[in-house]
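Let me begin by presenting the structure, written as structure tokens, before commenting on it.
The values are calculated or read from the model by the stated rules, or taken from the named source; none is laboratory data. The structure presented is a predicted model; accordingly, all values stated were derived computationally and were not measured. Every residue, glycine among them, receives a Cβ derived from its backbone with ideal geometry; neighbour counts consider all protein chains shown. Keep in mind that these areas ignore ligands, DNA and RNA; they rest on the heavy atoms of the full protein, side chains included. Shrake-Rupley method; radii C 1.70, N 1.55, O 1.52, S 1.80 Å.
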Amino acid sequence: MAEIDYFMAYFDQEFMDHLVAEMNRYAYSLIDSGILPASHMTRWKDTTNEEMYVFLALCMMMKHSEKHVIQDYWSKDSLVPSPMFNKYMSRDRFLLLLRCLHFENNDNEERQDPSTWDSQAVS
């Protein structure tokens with residue numbers, strides 16, 4: 001099996017469709033609620049499966065060249081070079097996607113205090 005096969009076993013089409021839908025939904029809920037400064041969210045455009053594959057790949061690549069802060073991956077400083085990151089996605093877009101990373105529709109979730117979960121219900 002090739003590395004991509006392992007990757008696709010976790011991040012298959014069904015998962016990516018769900019992730020993209022929930023991220024876009026969550027971004028619009030942030031816009032509607034006014035939680036984020038308007039300047040950040042006015043730049044929101046719906047993400048796609050292809051963009052999310054790039055986002056996930058960049059997240060995985062970060063482990064191979066660890067920096068002190070996330071912005072350093074996009075730094076043009078010759079002391080902390082990582083030109084590959086800026087080649088595939090802008091820093092601002094990456095940070096916006098990271099802020100909107102969401103896996104489930106909050107409207108479907110039952111609000112429950114996690115401290116009330118018993119050990120058998122959580123596995």
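A few comments on the model shown:
- Taking the numbered list (1) modelled with pLDDT of 85 or more; (2) of a type in the set (D, E, K, R); (3) out of contact with any Phe, Trp or Tyr (no Cβ under 7 Å at 6 or more places or on another chain); (4) not in a helix (DSSP H, G or I) in turn, LYS87 passes all entries but (4).
- Annotation note: Cβ proximity below 9 Å between a residue of region 54-65 that is within 14 Å of PHE11 (Cα to Cα) and a residue that is open to solvent by 50 Å² or more (accessible area, probe 1.4 Å) and outside any helix (DSSP H, G or I) (sequence gap 6+ or interchain) occurs for PHE55/LEU101.
- Some residue of region 61-73 being open to solvent by less than 90 Å² (accessible area, probe 1.4 Å), acidic (Asp, Glu) and under 20 Å from HIS102 (Cα atoms): no
- Among the helices (runs of 4 or more DSSP H) confined to region 1-74, the ones with at least 1 residues that are modelled with pLDDT of 90 or more and among the small types (Gly, Ala, Ser) are located at 13-33, 49-62.
Yes/no per residue for (1) open to solvent by less than 70 Å² (accessible area, probe 1.4 Å); (2) closer than 22 Å to ASN86 by Cα:
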site	(1), (2)
PHE15	yes, no
VAL20	yes, yes
ASP46	no, yes
MET52	yes, yes
